[in-house]
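*Asks:* To start, I am sharing the structure in question, which I have written as structure tokens.
The values are calculated or read from the model by the stated rules, or taken from the named source; none is laboratory data. Given the structure is predicted, the values throughout are model-derived calculations rather than measurements. Glycine gets a Cβ as well: all are built from the backbone with ideal geometry, and neighbour counts include every protein chain shown.
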Amino acid sequence: MATEEEIRQFLSDNPPATEFAPYCYVSEAADALTVHFKQDADYSEKLNDHITVYRSLETNEIVGCRVKGISGILQDLHNYIMVRDKKGNIELALIFLAFRGGAEENVARTMNDLAREAAERNISLEMSA
Amino acid sequence: MQTRWILTFTAINPANPGDVWQVGIPEWLYRQHQRKGNEKALGRIFLVGDVLQGGTAALRKGWSRPGKDDCYVYHGFPKYDYKSLTIQTPAPKGMAFCVFVLNDGTIDEWAWRPVSEIQQEHEGDRPDGITGELIWRQKKKSDNS
């Protein structure tokens, strides 16, 4: 059981990198892709069964997202698009395309916002992770 | 199982809410946030501890999506938030802090989630989109009246 003091000590011993950098990762156990564009204090908003967006508590703008049920998309994606580089990484923006078609207007708009954020920050998903 | 957890917490046991079990943050997940400098995510580990260890308002089974019916969501109402490891701010109004736990006790995510007014009044302060089976919730004064 981690007490508050133990957590404080642990964080002190394992400090974060000094500069925030946008990133994404896949949790295989949760079958979910998580993306952080910015490190604003945020809250989560469930958009639909597949997408939860993280919004800034201060400005309400999107600062990240969580894509659920990602494994099937990643398996199928190479049938539709070219991967980005020799490492086989996938441009994150393309993943949002999978949720764009046939979506309700507000979902489609959010997918566009997420794709733009990912493209502007040049984020890729490392397929070896 | 627990050796791959870098931080371990004691939480209400979903299989027997009168008892506790161990849950934990996996090292790979901590390192993701650490390497990318996400201080907010790391600072909020204090809130994970708060909600799991004495501050649980409710525990639900199921993440409301296929294949994840055996996972859990703990939520509570900490009085503060962390913008970084050292900057503490008041908790956002009308929100619950949720800790998402896999069926083996591995913590997978933690986040604030709005609680709509109607849910505050009628559904035991259920955060928006958290629709799993209610396993346990903290008794309210109104429960005894």
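*Asks:* Out of the residues in segment B:70-92 that are part of a loop (DSSP other than H, G, I, E, B) and within 11 Å of chain A (Cβ to nearest Cβ), which is surrounded by the fewest Cβ atoms within 10 Å (Cβ to Cβ)?
*Replies:* Per the stated criteria, the residue is B:Thr86.
*Asks:* Something else: Which condition number does B:Met95 fail, the rest of (1) within 8 Å of chain A (Cβ to nearest Cβ); (2) closer than 23 Å to A:Glu6 by Cβ; (3) not aromatic (Phe, Trp, Tyr) being met?
*Replies:* Result: B:Met95 passes all but (2).
*Asks:* What number goes with the only condition from (1) free of Cβ contacts under 8 Å to residues at least 24 places away in the same chain; (2) under 14 Å from the mean Cα position of the chain (by Cα); (3) facing chain A (nearest Cβ under 10 Å) that B:Gly67 does not pass?
*Replies:* It fails just one condition, (2).
Residues are listed down the side, and each one gets a yes or a no for (1) within 15 Å of B:His33 (Cβ to Cβ); (2) within 8 Å of another protein chain (Cβ to nearest Cβ); (3) of a type in the set (A, V, I, L, M):
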| residue | (1), (2), (3) |
| --- | --- |
| A:Glu19 | yes, yes, no |
| A:Pro22 | yes, yes, no |
| A:Tyr25 | yes, yes, no |
| A:Asp31 | no, yes, no |
| A:Val35 | yes, no, yes |
| A:Lys38 | yes, no, no |
| A:Lys46 | no, yes, no |
| A:Ile51 | no, no, yes |
| A:Glu58 | no, no, no |
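*Asks:* Kindly provide the set of residues from segment A:32-75 that are β-branched (Val, Ile, Thr), within 15 Å of B:Ala111 (Cβ to Cβ) and in contact with a Leu (Cβ under 6 Å, 6 or more places away or on another chain), ordered by number.
*Replies:* Within segment A:32-75, A:Val53, A:Val67 meet the criteria.
*Asks:* Output yes when any residue across segment B:25-42 is in a strand (DSSP E or B), at the interface with chain A (Cβ under 10 Å from one of its Cβ atoms) and at pLDDT 95 or above, and no when none is. Give the derivation first.
*Replies:* Quick first cut of segment B:25-42, residues in a strand (DSSP E or B) only: B:25-26.
Pick out the ones that are also at the interface with chain A (Cβ under 10 Å from one of its Cβ atoms) and you get B:25-26.
Next cut, at pLDDT 95 or above only: B:25-26.
Yes, the conditions are met somewhere in segment B:25-42.
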